[in-house]
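Here the structure comes first, spelled out in structure tokens, and everything after it is commentary.
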Amino acid sequence: MSGTPSAVRPTTIPRTPLTKEVVTPRPRPGRPLADLLPAAERRADWRHVRGLHRQHVQFADGGGARVPAVLREGLADAILDVSSSYAGHEDELVEHGLAVLADVEGHEIVDEELFRAYYEDDRFTPGGGDDPTGRRQPALFEALVETCRRRRDARGLRDALRGTGTSGLLIGSTSYGRFHNVRGNRNGTAASDLDFVVVVDDAAILGCVDGLLATALPGVPAADLDRMRHRAEVFTGGLDNGRTVFSHKLRLWADGAPDPMLPAGVAASDYLVSLHFLTRPVLDYVLVASTPRLRRDAAGARRTVDDYRETPVTRRDHHRTFAGRSYQLPLDTVATEGGHLTSSRVYYIDDFDSYCPGFFQTMLLPRPDVLWDGLDVAPALDQFQRKISERVRYEADRPPHAMVRQSFAHVRRDAFAPRVIRLLDG
């Protein structure tokens, strides 16, 4: 596939010519589109999605023209707009989305074969799904399915922890790349994580979190929960010092039980939920709550927090300024019981007085989705966003006259949905 424009490759979507003569009728599995489309049109206005998907098909069938990235991004945004009518009904969004896409291309029956064809349909992705950043771009319907699965499972985590005096912040691609950049298990690449920051008032609550998650999250192996329980005991027993984050990953849908949103014959359903537990003092330290300005004379040139992780970090500490200047700094990591402690920079102000947000600050930029807020952290997040915006304005007003943007400082900028970049830089 390399070097061949995606628009000239044969389509993977099975088509039924309108002039085909059926000689011997035979039973066909699946559901007729006629049974699904009325419910889809009652639930939401799909006209924008229909029109943009038709335009995608016209580009792909036009003989040589790549589908413009702005068109793919527009379709992802149109699906995001429709999704607001399906809150709590993500299974229907998957079903109706497939029906609408298939109807545009003249299909009659929705079945597992058609589901797989659209899930693997790379006609519209750059390079057939090969992203120059090294991360595979998902197919349009793949991103829809995998976003819906994570939004549903995020709601289960919310329901389990909402009454525990904690706050839950949805971060990562399920927040900033919805319907655009969320991958499943396909083509040998790992599925996108479901990423959360959970703010706790007292680290002692970690002792009961594993039990709550066991009932709320689907298909988590008992060994994963046992390991989390042991690591939580280590953390509360001596690592909780107001400057340390407790991070842990759990495998979802790992027990072999099928996910009703994803037919078993299409792709493996397992993926990781990545949890970062911050006590309120750690969150305040990350948000630089002690000062209203992100200036060297008010906050210092740098600050760090430790991250208690299961595995060592092999990457370097990558930072960018708001003008895009890049730094690759070393990360100090030491082994400890149950994992590793990595010292990560919260921010760094370089010798040119340019601000570089660090790993945990960029987790909170763009502003995460606050799914529950027992600790009322939303005002602190808003204040941090105002301080970041003020810092960008401060640097924009200084010579040399460079273009500075909040999004330039985020090392995952290439994975953002376009509307998120516009929100950051607006």
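Which value, in debye to the nearest 20, describes the size of the charge dipole of the stretch 74-172 about its Cα centre when Lys and Arg Cβ atoms bear +1, Asp and Glu Cβ atoms bear -1, and nothing else is charged?
Numbers: 11 positive and 21 negative charges, 168 e Å.
With only Lys, Arg, Asp and Glu charged at Cβ, the dipole is about 800 debye.
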Mean accessible surface per residue for the chain, computed with a 1.4 Å probe while every protein chain stays in place, in Å²: 44
Radius of gyration, Dmax [the stretch 50-106; alpha carbons; angstrom]: 12.6, 41
Centroid-to-centroid separation of the stretch 314-359 and the stretch 237-251 [C-alpha atoms, Å]: 18
Cα-based helix-to-principal-axis angle, 33-43 vs the chain, degrees rounded to 10: 40
Most to least packed among 85-95, 188-198 [average Cβ atoms within 10 Å]: 188-198, 85-95
By average C-beta atoms within 10 angstrom, highest first, the peptides 326-335, 351-360: 351-360, 326-335
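May I ask you to give the percent of accessible area on the chain that is carbon plus sulfur, with a probe radius of 1.4 Å?
Ligands and nucleic acids excluded, carbon and sulfur reach 51 percent.
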Given charges at Cβ of Lys, Arg, Asp, Glu: the chain dipole, positive-most of Ser269, Thr362, Thr336: Thr362
Geometric extent, Cα atoms of the stretch 182-303 - Rg, Dmax (angstrom): 18.1, 59
Net charge dipole size for the chain [Lys, Arg +1 and Asp, Glu -1 on Cβ; Debye, nearest 20]: 1080
Whole-percent pair-distance distribution, where bins are 20 Å wide, for the alpha carbons of the chain: 24, 53, 21, 2, 0
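The values are calculated or read from the model by the stated rules, or taken from the named source; none is laboratory data. Since the model is a prediction, treat every value here as computed from it, not as a measurement. Positions of Cβ are generated from backbone atoms using ideal geometry, with glycine treated the same way; all protein chains shown enter the neighbour counts. Accessible surface areas use protein heavy atoms only, side chains included; no ligands, DNA or RNA. Shrake-Rupley method; radii C 1.70, N 1.55, O 1.52, S 1.80 Å.
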